Amino acid sequence: MSLPSFCPYEEAADRQSPNRNLAPLTAAVDLAQQLWVGGCRLADLAAHYGTPLYVLDEATLRSSCQAYGKAMARHYPGEALVLYASKAHSSLAMAALMASEGLGLDVVSAGELLTGLAGGVDPQKMILHGNNKSVVELELAIDHGVTLVLDNWLELDLLEQLCHQRQQRVRLLIRFTPGIECHTHEYIRTGHLDSKFGFDPGELDMVLQRLARAPWAEVAGLHAHIGSQIFELQPHRDLAAVMVQAMGRARQLGHHPKDLNVGGGLGVRYVARDDPPAISTWVQAVCEALVAACEQQHQPLPRLLCEPGRSIVAPAGLTLYQVGSRKEIPGGRTYIAVDGGMSDNPRPITYQAPYTACLPQRCREAGTHTVTVAGKHCESGDVLLQNIALPPIRSGDLLAVLSTGAYNASMASNYNRIPRPAAVLVQDGQAVLVQRRETNQDLLRWDVLPEHLRQSDLAGIR
Ligand code: LLP
């Protein structure tokens, strides 16, 4: 049976909102059926940098940033700031690129914070999240004037001590759970009341009262984030109204909150059936709900902050693999194996996340064969794509998995002691390395072999 060929890179791209596309904006197929991104032929990138390889398209990244900026300017009459959620993909290059587009950064650890600083992000445009921040992380944020997202009582006590000891003040956003449910995987829902993040709404008054007596703290505003990979708009509208109410309460209790941070969460397209709202639609819904709630509740317009991660970086990225072995089960499915897997993309095994793939050297061939694409890890669940239609595949072919820019590199591991892939940024026919490929030698760097177990010299290992 011949299945219809699916050419994700040839569908009409939504140029305004990359999160609605399966492939980067610059994806193009030449007469030899070869797929190009950012003016670079993917087969050339694989030959030069090896596989697996993360490829990031600079034009798509910039378009996504600009889509947020333009929509904010169009739909919000007040001040606004977009903070890229760096957990989606953190690197020096990403931080520098976000800074060059005028975005700030949401960071969740000392590592992400230092990456942002080293990438040139203004610390005043950074906020530090975390439900169990260490003293080192708190000190780092205080010293650099990074705004802290206050998450819990222990942190409040620690901050009070630290600020007294160091005679410093800290700028805070208070995170609370708004009690809003949304439809996404349960591991990436955070706005419901039974979440590990932030204060329960019932505690908010107590927190605000305590901070009203804290000269070391400036309550700069409030924060909530309801979840990730969300396609619905209503939960975000509801969130705006709940937060404006909480801002009003903070004012009643003597604070002068300026910032209202609605978190991130806008979904992206991983497979053809996904239909996320455009960035501008999401921004418009949030802004209109916020303006309406402020009017209704007679509150001034806050500075609007949001923290998109996935919708900025997912559609800009793809992963290139080389196909190796295959297994045909009589009467069952055909597995083809690639040279990566759950260590470079843990999302399928963690969230049963679906993806789209194509053969970047035979783009227009029909998808006549249904196969399951497995990784090379010693785990049966290490499957990247279940039952997808591809042209006949041979060992040595390249396979491109699309929309892998978010939460792939950032959640990658060394499971089975497999080195992490390199990442390249492509633009106008140029590819630049932004993360070098780990080597087997790198994997041994953090191990310590105690003297009494040393039997042979490791120097010969390469
Ligand atoms: N702000 C906060 C406080 C967050 O916790 C997150 C994501 C974001 C912003 C960014 O959300 P986004 O715009 O990317 O949806 N590893 C999971 C996703 C975990 C999301 C964690 N928080 C995945 O691969 O789907």
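The values are calculated or read from the model by the stated rules, or taken from the named source; none is laboratory data. Note that this is a predicted model, so its numbers are computed, not measured. Cβ coordinates were reconstructed from backbone atoms using ideal geometry, including for glycine residues, and neighbour counts include every protein chain displayed.
Observations
- Number of residues in region 87-109 that are more than 16 Å from the ligand (Cβ to nearest atom), assigned to a helix (DSSP H, G or I) and in contact with a Lys or Arg (Cβ under 9 Å, 6 or more places away or on another chain): the value is 3.
- Residues considered: Pro123, Pro77. Of these, the only one that is in the same structural domain as Val291 (by TED's automatic domain parsing) and either buried (at least 22 other Cβ atoms within 10 Å of the Cβ) or touching a His at 6+ places or on another chain (Cβ under 6 Å) (or both) is Pro123.
- Hey, Gly104 touching a helix residue (DSSP H, G or I) at 6+ places or on another chain (Cβ under 6 Å) and either among the acidic types (Asp, Glu) or modelled with pLDDT of 95 or more (or both) or not: yes
- So Val82, is it under 25 Å from Ile127 (Cβ atoms), surrounded by fewer than 20 Cβ atoms within 10 Å (Cβ to Cβ) and not aromatic (Phe, Trp, Tyr): no
- Taking first residues from region 104-116 that are farther than 21 Å from Arg62 by Cα and partners that are β-branched (Val, Ile, Thr), the Cβ contacts under 8 Å between residues at least 6 apart in sequence or on separate chains come to Ala110/Val136; Leu113/Val107; Leu113/Val146.
- The listed residue being among the β-branched types (Val, Ile, Thr) and within 16 Å of the ligand (Cβ to nearest atom), out of Thr404, Thr439, Thr368: Thr404
- Residue within region 255-266 that is within 12 Å of the ligand (Cβ to nearest atom), surrounded by fewer than 21 Cβ atoms within 10 Å (Cβ to Cβ) and of a type outside the set (Lys, Arg) present: no
- Restricting region 98-112 to residues that are surrounded by 15 or more Cβ atoms within 10 Å (Cβ to Cβ) and over 15 Å from the mean Cα position of the chain (by Cα) leaves a set whose member that is nearest to Asn152 (Cα to Cα) is Ala110.
- Members of region 301-354 found to be among the basic types (Lys, Arg) and either more than 26 Å from the chain's Cα centre (by Cα) or not in a strand (DSSP E or B) (or both), listed by number: Arg310, Arg326, Lys327, Arg333, Arg347
- Among residues of region 337-355, those that are buried (at least 24 other Cβ atoms within 10 Å of the Cβ) and away from the ligand (no atom under 14 Å from the Cβ), counted: 3
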